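Here, each number is a calculation from the coordinates, and none is a lab measurement. Bear in mind that the values here come from a model prediction, so they are computed numbers and not experimental data. As a convention, Cβ positions derive from the backbone with ideal geometry for all residues, glycine included, and neighbour counts pool all protein chains shown.
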Amino acid sequence: MAALVIGVAAPRYLRPLLSPKVNPSLALSAWTISLILFVLTLVAAPVALITRPGQYIPRLRSLVLTCAESLQKNELAWIPFAELTLVSATIALTLRIGFVGFVLVSRHRQQSAQHLAMLKMLSHRKSSEDVPETLWLDSAHPAAYSIAAGRGVVVATEGLSALTPQQQQAVLAHERAHLRGKHHHLVLFAEILGAALPFVPLCRQAPAWFRVLTELAADHCAAREFGPDAVRSALVRAADWDGGSRDDPLSKEFRPSTALSDRIHWLDVMPDRGPVSSAASYPVGAMLSALPGLLVVATGFCSFALYCLTRLR
């Protein structure tokens, strides 16, 4: 039941976190932990049915067995069939996630390795003293992106020299924030669940939202280090160079026609320090993500206990 609530309702109760006044890392962590909790709760039910952990607690075992016997003798004799169906369905879904994950991860590693090898041949210089390593390409177009291969690599063009030193550092800080926050891996994780379980709203919407939130989180990190003006002006100058942001990673669900203006708006209204800092984003995100599931589990246990007490009187 907790997996059902998280899988269906999470996109709705997480949506208010997407606000310029909220640190994007909080929303990103809440989405990440919601996906992890969904997978864990999906697997937890059949594991509990198979292992029966309550049998190792004598008093709990006695109460559960007494109640179960009472239920099976009455109107809930179909419980064993429901348990078998639940276990079979969950095992099938878990195997599907594992298979899709293996395929996508293998493809991602192969493509990243090939792409990085090509870039190393094309690059005319590299900044090996930087962490992560920076490869420089001979192009007049001011641009930069990152690749999650090994410890991570930042790819930048010589066109960044057209920007001011502050803007250049902001662009590179944006890409380093992607690598430091493992954003590539988070997007891949979301894509695996989205491809494996597209009928689950949380999994279906996750890839698009992760692409949005990782960009906003990287913008936020760069803006805190070099100022919103440097990030904003760098975005505008890079967009003006090629006439638009047609390759912007933001998804259709985030108004792609105005993706650049959305990111600029986020920077315009971003507070110097939000109510939740980056360091506290994961604990707060975990609390917000886990609360609905915990409420469902607690309600289920209370309902089961009350029913058993009523039946055993």
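Each residue of the range 101-113 was assigned a 3J(HN,Hα) from its phi angle through the Karplus curve 6.51 cos²θ - 1.76 cosθ + 1.60 (θ = phi - 60°); the sequence is x, 4, 5, 5, 5, 4, 5, 5, 5, 5, 5, 5, 5 Hz, with glycine and proline shown as x. Taking 17 Å as the cut-off, the amide N atoms of the range 156-182 that come nearer than this to a point 7 Å along the Cα-to-beta-carbon line of LYS120 belong to 156.
Order 150-162, 16-28, 115-127 from most to least packed using the mean count of other Cβ atoms within 10 Å. Mind showing how you got there, number by number?
Values: 150-162: 17.8, 16-28: 20.1, 115-127: 12.9.
Output ranking for 150-162, 16-28, 115-127: 16-28, 150-162, 115-127.
The modelled label-to-label distance for the pair ARG12/SER106, using points 7 Å beyond Cα in the direction of Cβ, is 4.0 nm. Backbone phi angles across the range 221-227, fed through the Karplus curve with coefficients 6.51, -1.76 and 1.60 (θ = phi - 60°), yield HN-Hα couplings of 5, 5, 5, 5, 8, 10, x Hz in residue order; Gly and Pro are listed as x.
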